[in-house]
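Q: Please see the structure below; I have some questions.
The values are calculated or read from the model by the stated rules, or taken from the named source; none is laboratory data. None of these values were measured; they are calculated from a predicted model. Glycine also receives a Cβ, built like all others from the backbone with ideal geometry; neighbour counts cover every protein chain displayed.
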Amino acid sequence: MGNGGTHVAMSVRRFAGPAALILAVALGAAGGWAWVRYPLPDLRDGPLPTVRLYAGGEEIAAFQGTTRHAQVWVPLKRIPRPVVDAVLATEDRRFFQHWGIDPAAVLRAAATDLRHGALRQGGSTITQQLARGRFLTPERTWGRKLRESAIALLLELRYPKARILEAYLNTVYMGHDGDVAVHGLGAAARHFLGRDLEAVHPHEAALLAAAIAAPNRIFGADRDRARARRDAVLEAMRRQGALAEAEARAAMGRPVVGRAGGAPLRAPYFVDLAREEIARRAGLPASGEVRIATTLDPALQRVAEAAARQGIERIEQRRDPAARGKVQAALVAMEPASGRIRALLGGRSYRHSPFNRATRAARQPGSLFKPIVYLAAFETAAAGGAPSLTAASLVPDEPIVVGSANGTWSPRNMDGRFRGTVTVRRALEESLNVPAVRVGQDVGPDRVAAVARALGIRSHLAPVPSLPLGTSEVTLLEITGAFATLANGGVRVMPTTLVAEDEAAPGRAVSAESAFLITHLLRGVMREGTGRSSARWGLSERTAGKTGTTDGLRDAWFVGYTPDLALGVWVGTDDGAPLGLTGAQAALPIWAAVMQAAVRRAPPREFTPPPGIVMASVDRDTGRPASFWCGGGARIEEAFRAGSEPPGACGELSLAGPADRILRWFRNVLQ
């Protein structure tokens, strides 16, 4: 069997140069020469390199250069002759005889259009379709049709038929595979047939050609429609002598089958981020093929997509029917030690909105920002500054008036209640606003913002009194990266989508001691605080994390981590309409489903205190040392920077050594 290149070489081309030029000028004038602002495509140059992205051994994308859509450029000489014949039979059987416009086809289409009083049939040649796809909008107007014709004529004047046909076959829109736009027959064969274009059979070539006119229908669920369109192409090929009678009948007898092996992973939001990183970091060759390994974990990505889909469905069942379809979710999972992004989701549907909410949507994090405030205080204390705050320190949860450039401000807790004096632990576990503002005032908003920047937050943070409550906008990738730094013992690494040898060197953002102090507090959030519902998934004892909820219940966040994986989830709407749910209600269930899958597959390491951290038993309510004589509340093992733990004596009597241990044991028995 021959190939497309041979077919083209054997074809005879008619070319009426002067006539075509005159007609191009006339059509250009009629169209107002509006098309001249579009540069003609340089079809003389070779295609950009084909970039193939892999997650493990699984190909997740193939595109030309750093273009956004799926595309694999196949030279015309490698395209099987049945593919070329099928396309010519359906789209432009007189391609090698006309000079860009087929008068007979135009007359047929014009008659139809006049009968209906509008543009119904285009009568477009392959050259016209190429001109339209590369330069013009899809609007159906007479002006656009004139500009399309003028550009087509100029293309025919400038390039040989083989070059035009190759460009068309490799750029024509072939529909969507899930959320991914597919361009060119090479990509369509891989996406919809599960094979390379060079390996397709005549019945598959006919199916690809049939899909050009209505790709999303042909590759949809209606197999009867697809069979009818495919068989019509095969019959046209038989009539034109491209297939023998027996070949055509045999091809018509073949079933219409799609891709084998189930739906492949596409992860379009991740692919977009990887494409941007490739453009920024990796120099691509002028042509050829490049295979690049990505950091994506296919299994975790599939779990993330399913969890987000189910989470959105659950949330929308609780909303007004008129408001459904607007809820969006974004997710980032990354390895703290390497910065490798293992899963990423930027919205509910890439096809409907390719805007990546994980990396580009800046939203207020609300209470999710509070750990950074206490981290700044711990770092300040370590440097010998004030306040000398510990997890057991007491902070007033009482009315406060804060001065600002706009007057005064009186922060309140979410439930409107004040609790008197509370420990830092309780303040963070219950996500109290007033203590966070007080600590932020003591440390200073500028210092809080500086620590946030050290953790990797690049969005502008306004150093105002409300900063501790997360009023400055950040992206999900930024805040997840900040928590990943905590999980990595205060060492920050750059998030990446590529497995590369030139990964950026890590840098210390905060001390290991301060990072562990926050982690120990955030483990309490999972056990006793706003994240305690994680116990339903068996995660409350294995993870550290924090909820985030903004004013008006507009944004819901949850970011949590183990030493091996940091995972962040945002749920909200693009227009900022109230979601009506907290971070624990909307974001945590999505987070928990993904984290549960991760820890089941690979049990995480334990959180281990670094040198310089000591553990001490304290009263949960007062923060004072726990002993027989001190307090009546529950005891907890609290983490302290060495030398900052509360003194051994607490009141009426101080017993040290064996006697104190005996009394502690006796008291526990009585409890």
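Q: Name every residue in the range 380-403 that is farther than 15 Å from Gln441 by Cα and buried (at least 22 other Cβ atoms within 10 Å of the Cβ), in order of residue number.
A: Within the range 380-403, Thr390, Ala391, Ala392 meet the criteria.
Q: Against the condition within 28 Å of Gln310 (Cβ to Cβ), part of a helix (DSSP H, G or I) and either among the hydrophobic types (A, V, I, L, M, F, W, C) or in contact with a Lys or Arg (Cβ under 9 Å, 6 or more places away or on another chain) (or both), how does Leu375 come out, does it pass?
A: On the way: within 28 Å of Gln310 (Cβ to Cβ): no; part of a helix (DSSP H, G or I): yes; either among the hydrophobic types (A, V, I, L, M, F, W, C) or in contact with a Lys or Arg (Cβ under 9 Å, 6 or more places away or on another chain) (or both): yes.
Criteria not met by Leu375.
Q: In this structure, does Arg225 turn out to be surrounded by fewer than 20 Cβ atoms within 10 Å (Cβ to Cβ), in contact with a Lys or Arg (Cβ under 8 Å, 6 or more places away or on another chain) and either at pLDDT 95 or above or not in a strand (DSSP E or B) (or both)? Steps first, answer last, please.
A: On the way: surrounded by fewer than 20 Cβ atoms within 10 Å (Cβ to Cβ): yes; in contact with a Lys or Arg (Cβ under 8 Å, 6 or more places away or on another chain): yes; either at pLDDT 95 or above or not in a strand (DSSP E or B) (or both): yes.
Yes: the conditions hold for Arg225.
Q: While we're on this one: Exactly one condition in (1) touching an Asp or Glu at 6+ places or on another chain (Cβ under 7 Å); (2) assigned by TED's automatic domain parsing to the domain that holds Asp555 is false for Asn356; which is it?
A: It fails just one condition, (2).
Q: Among the residues of the range 529-537, is there at least one that is hydroxyl-bearing (Ser, Thr, Tyr) and crowded, with 22+ Cβ neighbours inside 10 Å? Steps first, please.
A: Of all residues in the range 529-537, those hydroxyl-bearing (Ser, Thr, Tyr) come to 530, 533-534.
From what's left, crowded, with 22+ Cβ neighbours inside 10 Å: 530, 534.
Within the range 529-537 (the criterion being hydroxyl-bearing (Ser, Thr, Tyr) and crowded, with 22+ Cβ neighbours inside 10 Å), the answer is yes, since at least one residue qualifies.
Q: From the residues in the range 577-598 that are closer than 12 Å to Ala308 by Cβ and among the hydrophobic types (A, V, I, L, M, F, W, C), which one is surrounded by the fewest Cβ atoms within 10 Å (Cβ to Cβ)?
A: The first filter runs over the range 577-598 and keeps only residues closer than 12 Å to Ala308 by Cβ, leaving 586-587, 589-591, 593-594.
Now narrow it down to the ones that are among the hydrophobic types (A, V, I, L, M, F, W, C): 586-587, 590-591, 593-594.
On the way: Ala586: 29, Ala587: 32, Ile590: 29, Trp591: 31, Ala593: 19, Val594: 26.
So the residue we want is Ala593.
Q: Restricting attention to the range 326-347, and to residues there that are closer than 22 Å to Gln585 by Cβ and of a type in the set (Val, Ile, Thr), which single residue is surrounded by the most Cβ atoms within 10 Å (Cβ to Cβ)?
A: Val332
Q: Is it true that Tyr350 is within 23 Å of His460 (Cβ to Cβ) and either buried (at least 22 other Cβ atoms within 10 Å of the Cβ) or not assigned by TED's automatic domain parsing to the domain that holds Ala592 (or both)? If you could, list the steps in order and put the result at the bottom.
A: On the way: within 23 Å of His460 (Cβ to Cβ): no; either buried (at least 22 other Cβ atoms within 10 Å of the Cβ) or not assigned by TED's automatic domain parsing to the domain that holds Ala592 (or both): yes.
For Tyr350, the condition - within 23 Å of His460 (Cβ to Cβ) and either buried (at least 22 other Cβ atoms within 10 Å of the Cβ) or not assigned by TED's automatic domain parsing to the domain that holds Ala592 (or both) - is not met.
Q: Sticking with this one: Condition first: of a type outside the set (Gly, Ala, Ser), within 27 Å of the chain's Cα centre (by Cα) and more than 28 Å from Phe270 (Cβ to Cβ). Can you find one or more residues in the range 512-520 that meet it? Before the answer, list the steps.
A: Let us first name the residues in the range 512-520 that are of a type outside the set (Gly, Ala, Ser), namely 513, 516-520.
With within 27 Å of the chain's Cα centre (by Cα) added as a condition, the list becomes 519.
Add one more test, that the residue is more than 28 Å from Phe270 (Cβ to Cβ), and what stays is none.
No, the range 512-520 contains no residue that is of a type outside the set (Gly, Ala, Ser), within 27 Å of the chain's Cα centre (by Cα) and more than 28 Å from Phe270 (Cβ to Cβ).
Let's see how each residue does on (1) under 18 Å from Gln97 (Cβ atoms); (2) touching a Gly at 6+ places or on another chain (Cβ under 9 Å); (3) modelled with pLDDT of 80 or more:
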| residue | (1), (2), (3) |
| --- | --- |
| Ala110 | no, yes, no |
| Gly122 | no, no, no |
| Gln128 | yes, yes, yes |
| Ala131 | no, yes, yes |
| Arg140 | no, yes, no |
| Tyr159 | yes, no, yes |
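Q: Another question, then. Restricting attention to the range 319-349, which residues are polar (S, T, N, Q) and in contact with a Gly (Cβ under 8 Å, 6 or more places away or on another chain)? It would help to see each step written out before you state the result.
A: Here is the first cut: in the range 319-349, the residues polar (S, T, N, Q) are 328, 338, 349.
Within the range 319-349, just Gln328 meets the criteria.
Q: Can we say Asn413 is under 22 Å from Val464 (Cβ atoms) and loosely packed, with under 14 Cβ neighbours inside 10 Å? I'd like the intermediate steps shown before the answer.
A: On the way: under 22 Å from Val464 (Cβ atoms): yes; loosely packed, with under 14 Cβ neighbours inside 10 Å: no.
So Asn413 fails the test.
Q: Now, a different point. Which condition breaks for Val525 when tested against (1) without any contact (Cβ under 8 Å) to a residue 40 or more places away in the chain; (2) farther than 17 Å from Ala376 by Cβ; (3) assigned to a helix (DSSP H, G or I)?
A: The number of the failed condition is (1).
Q: Here's a follow-up. Report yes if some residue within the range 604-623 is assigned to a helix (DSSP H, G or I) and either within 26 Å of Gly538 (Cα to Cα) or free of Cβ contacts under 8 Å to residues at least 24 places away in the same chain (or both); otherwise report no.
A: Let us first name the residues in the range 604-623 that are assigned to a helix (DSSP H, G or I), namely none.
No, because not a single residue in the range 604-623 is assigned to a helix (DSSP H, G or I) and either within 26 Å of Gly538 (Cα to Cα) or free of Cβ contacts under 8 Å to residues at least 24 places away in the same chain (or both).
Q: Which one of Arg238, Arg195 is surrounded by 15 or more Cβ atoms within 10 Å (Cβ to Cβ) and assigned by TED's automatic domain parsing to the domain that holds Gln129? Can you show your working first?
A: Values: Arg195 fails: surrounded by 15 or more Cβ atoms within 10 Å (Cβ to Cβ).
None of the other options fit; the residue is Arg238.
Q: Out of all the residues in the range 236-255, is one or more in contact (Cβ under 8 Å) with a residue 24 or more places away in the chain and within 28 Å of the chain's Cα centre (by Cα)?
A: So far as the range 236-255 goes, no, none of its residues is in contact (Cβ under 8 Å) with a residue 24 or more places away in the chain and within 28 Å of the chain's Cα centre (by Cα).
Q: Could you grab me the full set of residues in the range 204-217 that are more than 13 Å from Ala189 (Cβ to Cβ) and assigned to a helix (DSSP H, G or I)?
A: Selection gives Ala210, Asn216, Arg217.
Q: Tell me which of these Val559 doesn't satisfy, since it passes every other one: (1) of a type outside the set (Gly, Ala, Ser); (2) crowded, with 18+ Cβ neighbours inside 10 Å; (3) part of a loop (DSSP other than H, G, I, E, B).
A: Looking at each condition in turn, Val559 falls short on (3).
Q: Now a separate question. Consider the range 501-516. How many of its residues are crowded, with 17+ Cβ neighbours inside 10 Å and either part of a loop (DSSP other than H, G, I, E, B) or in contact with a Lys or Arg (Cβ under 7 Å, 6 or more places away or on another chain) (or both)?
A: Within the range 501-516, the subset crowded, with 17+ Cβ neighbours inside 10 Å is 509-516.
Then drop every residue that is not either part of a loop (DSSP other than H, G, I, E, B) or in contact with a Lys or Arg (Cβ under 7 Å, 6 or more places away or on another chain) (or both), which leaves 509-511, 513.
Result for the range 501-516: 4.
Q: Being among the β-branched types (Val, Ile, Thr), within 18 Å of Arg78 (Cα to Cα), over 32 Å from the mean Cα position of the chain (by Cα) and assigned to a helix (DSSP H, G or I) narrows it down to one residue among Ile151, Ile164; which is it?
A: Details: Ile151 fails: within 18 Å of Arg78 (Cα to Cα).
Just a single option satisfies the conditions, and that option is Ile164.
Q: Continuing with the same structure: How about the range 542-556: which of its residues are among the charged types (D, E, K, R) and either buried (at least 16 other Cβ atoms within 10 Å of the Cβ) or at pLDDT 95 or above (or both)? First the steps, then the outcome.
A: Taking the range 542-556 as the starting set, the residues that turn out to be among the charged types (D, E, K, R) are 542, 546, 551, 554-555.
Matches in the range 542-556: Arg542, Lys546, Arg554, Asp555.
Q: Let me confirm something: among Gln310, Gln317, Gln328, Gln301, which residue is under 16 Å from Pro495 (Cβ atoms), of a type in the set (S, T, N, Q) and not assigned by TED's automatic domain parsing to the domain that holds Trp557? Give the derivation first.
A: Numbers: Gln310 fails: under 16 Å from Pro495 (Cβ atoms); Gln317 fails: under 16 Å from Pro495 (Cβ atoms); Gln328 fails: under 16 Å from Pro495 (Cβ atoms).
Step by step, each of Gln310, Gln317, Gln328, Gln301 is checked, and only Gln301 is under 16 Å from Pro495 (Cβ atoms), of a type in the set (S, T, N, Q) and not assigned by TED's automatic domain parsing to the domain that holds Trp557.
Q: Sticking with this structure for a sec: Given Phe483, Phe516, which one is in the same structural domain as Phe558 (by TED's automatic domain parsing), within 19 Å of Leu389 (Cα to Cα) and among the aromatic types (Phe, Trp, Tyr)?
A: Phe516
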